[in-house]
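In what follows, a structure is listed as structure tokens, so that the remarks can point back to it.
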Amino acid sequence: MDLVLVFGTLGAFFSILHLLPELILALRTRQLDDVSWLMLIISLFNFASWITYGALLSAFPIVFASSVNFTVTSTLIVLKIQYKKKMAIKRMTPKPRRV
């Protein structure tokens with residue numbers, strides 16, 4: 001096996017792995033207040049650039065890993081929006097009074 005392909009595949013694997021703990025934590029806790037909007041937006045542009053670069057080079061590991069990371073980052077953005085809306089609704093809903 002080509003050494004370049006081995007390291008490309010390893011890099012792709014670890015690249016995918018790096019965002020999964022954040023996604024799992026977000027799904028468990030149902031909050032993403034500690035995740036920066038700026039980080040998420042920059043990540044989207046980063047992964048879109050890597051997808052384009054990998055496609056131009058016909059480098060499957062780069063395209064695959066970046067596509068997965070783009071999807072995970074997009075999911076985190078959607079969850080951040082959803083959880084924020086739910087928290088806003090929860091704060092606005094009056095609690096029943098005990099008599």
By how many nm would the segment from L56 to T75 lengthen if fully extended, with 0.36 nm per residue of separation less the alpha-carbon distance?
4.3 nm
Between (i) 31, 16, 12; (ii) 35, 17, 10; (iii) 38, 13, 8, the structure-derived semi-axes √(5λ) of the Cα gyration tensor in Å is (iii)
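Read-outs: derived from the displayed coordinates by stated rules, not from any lab. Keep in mind that this is a model prediction, so the values were computed, not measured.
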